[in-house]
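Undergrad: Below is a structure I'd like to ask you about.
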Amino acid sequence: MPPELPMSAPDVSASDSRTVTAAHEVLQGHNKGFIQRLLPFLGPAFVASVAYVDPGNFATNIQAGAQYGYLLIWVVVASNLMAMLIQALSAKLGIATGLNLAEMCREQFSTPVVWGMWLITEIVAMATDLAEFLGAAVGFQLLFHIPLLWGGILTAIVTFIILGLERYGFRPLEAVITALVGVIAVCYIIETFLDRPDWGLIAYHTAVPQFSGTESVLLATGILGATVMPHVIFLHSALTQGRIVTRDASQLKRLFRFEVVDVLIAMGLAGFINAAMLIMAAATFFRAGLHEVGSIEEAHRTLTPLLGEASSWVFAISLLASGLSSSTVGTMAGQVVMQGFLHRHIPNWLRRGVTMLPSLIVIAIGLDPTRTLVLSQVTLSFGIPFALVPLILFTRRRDIMGVLVNHRLTTAVTSVIAALIIGLNLFLIYSSLFGA
């Protein structure tokens with residue numbers, strides 16, 4: 001049987017209490033309209049989805065679109081479909097066990113394995129923070145023409161402010177994060193309207209997988225690393241583990257079905273944003289013959305003469321919203337990883353101060369921010385198996401998951417996804433070393 005769930009929930013705000021009460025009424029079968037039934041369960045996937053539209057996505061998608069046009073849009077679509085399944089399993093683990101993925105690893109694995117996994121996950125978290133922190137700093141620089149270092153300081157301040165909402169419960173923080181995702185989506189609806197892309201080519205490259213040399217494989221791996229995010233696999237299970245608590249088997253199944261809808265909506269929106277990023281770069285830069293527009297700053301400068309001043313402002317606003325929201329979520333994920341693996345509490349302000357260091361070093365020594373963002377996403381893709389394999393192992397076990405145990409087909413499909421991700425990374429290493 002699954003581990004016992006906590007007997008009592010922590011103190012919650014009034015809005016949280018109303019949400020939990022409404023959710024239990026729905027789970028008990030009270031008749032309401034579909035939207036009313038769904039609303040109490042929306043939130044966790046929207047917080048997790050921020051990691052799928054962070055500044056690393058801007059860097060990889062802009063480079064992919066500028067260099068290869070619509071060629072790699074199939075990678076964006078495939079990665080997003082993978083993300084939907086993976087995040088649904090992560091949410092299910094938290095619902096079924098009352099533990100998050102890091103806590104479950106600590107409970108099930110030996111101490112050396114746990115410490116090794118924690119170290120790898122921390123390296124991945126550092127790469128994540130690098131992308132998010134740099135992206136927000138660049139967003140501030142593009143909008144307000146301030147030095148990158150000051151943009152980084154402003155990013156830290158705003159991140160602390162957003163994280164301060166946690167004291168008021170999960171609902172206010174979910175609302176702010178969802179609003180920022182909405183800002184990014186609106187920005188890219190505007191960009192797509194201005195781009196006038198070739199929808200026929202988009203449809204073709206969505207359905208027909210293709211590569212064009214080693215560099216396209218590197219970018220595809222970066223897109224994958226920016227889409228299927230290891231740290232948010234850990235985070236999503238923590239977002240659901242104590243949000244709505246029930247022991248009844250039928251209610252658990254009903255709760256999971258609502259969380260699947262949450263995942264489909266949130267990840268569908270994130271997939272649209274990712275595709276729109278690549279489409280913007282392909283329709284604007286690739287079509288104009290500007291294949292070397294590989295940096296976020298170049299993209300911002302080049303948009304003005306190609307599409308008008310409004311487009312560059314919209315682009316910068318979307319980048320800033322992405323950086324600020326993902327910095328917040330990255331900090332939350334880091335805390336979950338630290339507490340889950342080591343069972344030690346590290347204050348958010350201290351963790352944020354530590355994870356700022358790589359970003360500040362990159363700014364100080366003058367490394368190219370966009371290239372650094374792309375490489376950070378490749379680093380993330382190598383960390384995926386260390387989150388995904390344990391997730392598959394746990395969710396396939398009835399003694400852990402109870403009535404929410406994976407169907408054999410679900411386990412098989414997720415195992416194939418894990419094999420594909422690992423295989424792509426091995427091919428990237430071989431290609432890089434031997435020039436294949």
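Undergrad: Putting +1 on Lys and Arg Cβ atoms and -1 on Asp and Glu Cβ atoms, find which of Ile317, Val260, Pro172 reaches farthest to the positive end of the dipole of segment 43-434.
TA: Val260
Undergrad: For n ≥ 4 DSSP H runs only, could you compute -39500 (n - 2.57) per run for the chain, divide by its residues and tell me the 222 nm figure to the nearest 500?
TA: Helices in the chain give a 222 nm mean residue ellipticity of -26000 deg cm²/dmol.
Undergrad: For the chain, take the longest principal axis of its alpha carbons; what is the angle in degrees between that and the long axis of helix 369-395, to the nearest 10 within 0 to 90?
TA: Approximately 20 degrees, to the nearest ten.
Undergrad: While we're on this one: Work out from phi, with θ = phi - 60° and the Karplus expression 6.51 cos²θ - 1.76 cosθ + 1.60, the ³J(HN,Hα) of each residue of segment 236-252, listed in order in whole Hz, and give x for Gly and Pro.
TA: Running phi through 6.51 cos²θ - 1.76 cosθ + 1.60 with θ = phi - 60° gives 4, 5, 6, 5, 9, 5, x, 6, 10, 9, 8, 10, 6, 4, 5, 5, 4 Hz.
Undergrad: Could you give me the ³J(HN,Hα) list for segment 266-279, computed from phi with Karplus coefficients 6.51, -1.76, 1.60 and θ = phi - 60°, whole Hz, x at Gly and Pro?
TA: Along segment 266-279, the couplings run 5, 6, x, 5, 5, x, 4, 5, 4, 4, 5, 4, 5, 4 Hz.
Undergrad: Here is a follow-up. Say the dipole of the chain comes from +1 at the beta carbon of Lys and Arg and -1 at that of Asp and Glu; which of His231, Pro209, Leu99 then lies farthest toward its positive end?
TA: Positive-most Cα among the choices belongs to Leu99.
Undergrad: Using only Cα atoms, tell me the angle between helix 73-97 and the longest principal axis of the chain; keep it within 0 to 90° and round to the nearest 10.
TA: 20
Undergrad: What is the sum of charges, Lys and Arg at +1 and Asp and Glu at -1, for the other residues whose Cβ falls under 14 Å from the Cβ of Ala51?
TA: So the environment of Ala51 carries a net charge of -3.
Undergrad: Regarding segment 65-133, what whole-number volume in Å³ per residue does the convex hull of its Cα atoms give?
TA: In segment 65-133, the Cα convex hull volume per residue is 128 Å³.
Undergrad: If you don't mind, another one. Using only Cα atoms and rounding to the nearest 10 degrees, what angle (0 to 90) does helix 14-27 make with the longest principal axis of the chain?
TA: Rounded to the nearest ten degrees, it is 70.
Undergrad: Restricting attention to the alpha-carbon atoms of the chain, what are Rg (one decimal) and Dmax (integer), both in Å?
TA: In order Rg, Dmax, the Cα atoms of the chain give 20.9, 63 Å.
Readers should treat all values here as calculations from the given coordinates under stated rules, not as data from a laboratory. Since the structure is predicted, the reported quantities are computational estimates derived from the model, not experimental observations. Positions of Cβ are backbone-derived with ideal geometry, glycine not excepted, and every protein chain shown enters the neighbour counts.
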